[in-house]
Every structure is written in structure tokens, then in C-alpha cells.
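Okay, structure first, notes after.
The values are calculated or read from the model by the stated rules, or taken from the named source; none is laboratory data. Since the structure is predicted, the reported quantities are computational estimates derived from the model, not experimental observations. A quick note on method: Cβ atoms are made from the backbone with ideal geometry, for glycine too, and the neighbour counts reach across all protein chains shown.
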Amino acid sequence: MLYLSPVWHTLPEAKRSRFGYIQNLHNGGVGQGIIAGYPWMLDNGAFSDNWTEAAWLATLARWQPYAETCIAAVCPDVVGDAAATLARFDVYEPVIRQYGYPVAFVTQDGLTMDAVPWERFDVLFVGGSTEHKLTQAYPFIWEAKRRGKWVHVGRVNSAKRIAAFWMADSCDGTTLAIEPTPRNQQRMLNGVAAAQAKKGMVSLWDMS
């Protein structure tokens, strides 16, 4: 598992290679990490009331030279609304492809298995409410892993939450932006290490 940090300058140089990075149109804190070639994800910033299509497209264009190291660009979604998210996906998935990024599809409250556009994305991004993440998202995660897709979980701000999603390939959260202490940095790295260790001991298929 890889923890994607929304900050770069607050991390000690010796630890920067142990993180991936997450960028969006509202966050300018990880550009150096992207330029340096570390794996990263381009979030859409759609959770903000300040989101506009024009600003999002400008962000896709800005970071396009680094698309080869991008895990995925996250397709604009609507928090808590699977139907509206699917409608946005139909519009914006082709746009992301045109810019040369892999595509991430976001799960949201109310999503059903037969509605997931499995053949049209590369990364399953687990979003939605806390209830959706902890009680509804697991079948989608298992199916994504069965299909060989990368799984990312958003809003992961503790080692406990990392442990809950040990089967994921990456996760992100704001904890290192809010509390950029060495202790907190190590806490997240320890959580990632524990998740990786569990992957070596537990079969995904025994858990699904």
C-alpha cells in the first residue's frame, strides 16, 4: 500500500520517497514531488464549492507532462450521490483519456454493482460518506481486485482506517497537512507497513 500525501515541503527529505502524492486544483503542495517522479494521483477537487470545469481542465493540462507517473486522474464526482457521479463520469471520462491519464471512478452512496462502468476506468476510488466506506464499499473493492484494478481509498487519516482497508493499493488523507509532525508521519508509515504485511498473510479471496 502507498499513502498519498497532500504535502511535500513538510516531510523530511529522507521520508519523501516512502510516500506517494495527491494533487488537485486547490492544492499546490506536492508539485515538487510530482516533478521529482514520485507516484501521484490527480484528485478532482469536486468536493469544494469552488470547483469549476474550467479550473479542472486547466489542472489536467498543467500536469499532463507528468501523466506517465500518475496513478490516475479522478473523474469529477458528486459527494453522496452515485447517480449524479455516474452522469458526470459519462461526460468527463473521455476528457481525461484525451489528456493521457489513467481514469479513476469514485464510488458514492447508492451505487449498485451492475451500474459500475468496469470497462471504462483503471482505478476504483472509494469515496462517499463514512457509512458508505465502512459498510457498503467492500463488495466493490473485492470485485475491483478480482478484475485486477488498482483500488484507492480517500479520507484515510489514521492507522486504524488504513488497517480497515489493508487490501487497497493506496489511500490518502489530510492528516499530514494538518499535523505534519515526525510522529504522525511515522504513524502513517507504520500503518502502511502493517497493511502490506497482512497482504502477505491473508488471501483476498478468503475475505471476499
Filter the range 116-155 down to residues that are free of Cβ contacts under 8 Å to residues at least 40 places away in the same chain and among the aliphatic types (A, V, I, L, M) and give me whichever is nearest to C75 (Cα to Cα). L124
Can you tell me which residue within the range 1-33, out of those that are surrounded by fewer than 21 Cβ atoms within 10 Å (Cβ to Cβ) and among the β-branched types (V, I, T), is farthest from N157 (Cα to Cα)? T10
Scan the range 41-59 and give yes if some residue there is without any contact (Cβ under 8 Å) to a residue 12 or more places away in the chain, of a type in the set (S, T, Y) and either part of a loop (DSSP other than H, G, I, E, B) or out of contact with any helix residue (DSSP H, G or I) (no Cβ under 7 Å at 6 or more places or on another chain) (or both), otherwise no. yes
Any pair with Cβ under 8 angstrom, 6 or more apart, that starts in the range 1-16 at a residue that is without any contact (Cβ under 8 Å) to a residue 24 or more places away in the chain and ends at one that is among the small types (G, A, S) and in a loop (DSSP other than H, G, I, E, B): H9/G29; R16/A36
Tell me which residues, restricted to the range 13-29, are part of a loop (DSSP other than H, G, I, E, B) and at pLDDT 95 or above. F19
Looking only at residues that are closer than 23 Å to P65 by Cα and acidic (D, E) in the range 79-122, which one is farthest from the chain's Cα centre (by Cα)? E93
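Matching residues to (1) of a type outside the set (K, R); (2) assigned to a helix (DSSP H, G or I); (3) closer than 24 Å to C70 by Cβ:
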residue	(1), (2), (3)
K160	no, yes, no
M167	yes, no, yes
C171	yes, no, yes
A177	yes, yes, yes
R183	no, yes, no
R187	no, yes, no
N190	yes, yes, no
A193	yes, yes, no
A197	yes, yes, no
Qualifying position, being in contact with a Phe, Trp or Tyr (Cβ under 8 Å, 6 or more places away or on another chain), of a type outside the set (D, E) and surrounded by 12 or more Cβ atoms within 10 Å (Cβ to Cβ), among K145, K198: K198
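For every residue, the table says whether it meets (1) of a type in the set (D, E, K, R); (2) surrounded by 13 or more Cβ atoms within 10 Å (Cβ to Cβ); (3) part of a loop (DSSP other than H, G, I, E, B).
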{"residue": "D90", "(1), (2), (3)": "yes, no, no"}
{"residue": "I96", "(1), (2), (3)": "no, yes, no"}
{"residue": "F105", "(1), (2), (3)": "no, yes, no"}
{"residue": "L111", "(1), (2), (3)": "no, yes, yes"}
{"residue": "D114", "(1), (2), (3)": "yes, no, no"}
{"residue": "E119", "(1), (2), (3)": "yes, no, no"}
{"residue": "L124", "(1), (2), (3)": "no, yes, no"}
{"residue": "T135", "(1), (2), (3)": "no, no, no"}
{"residue": "F140", "(1), (2), (3)": "no, yes, no"}
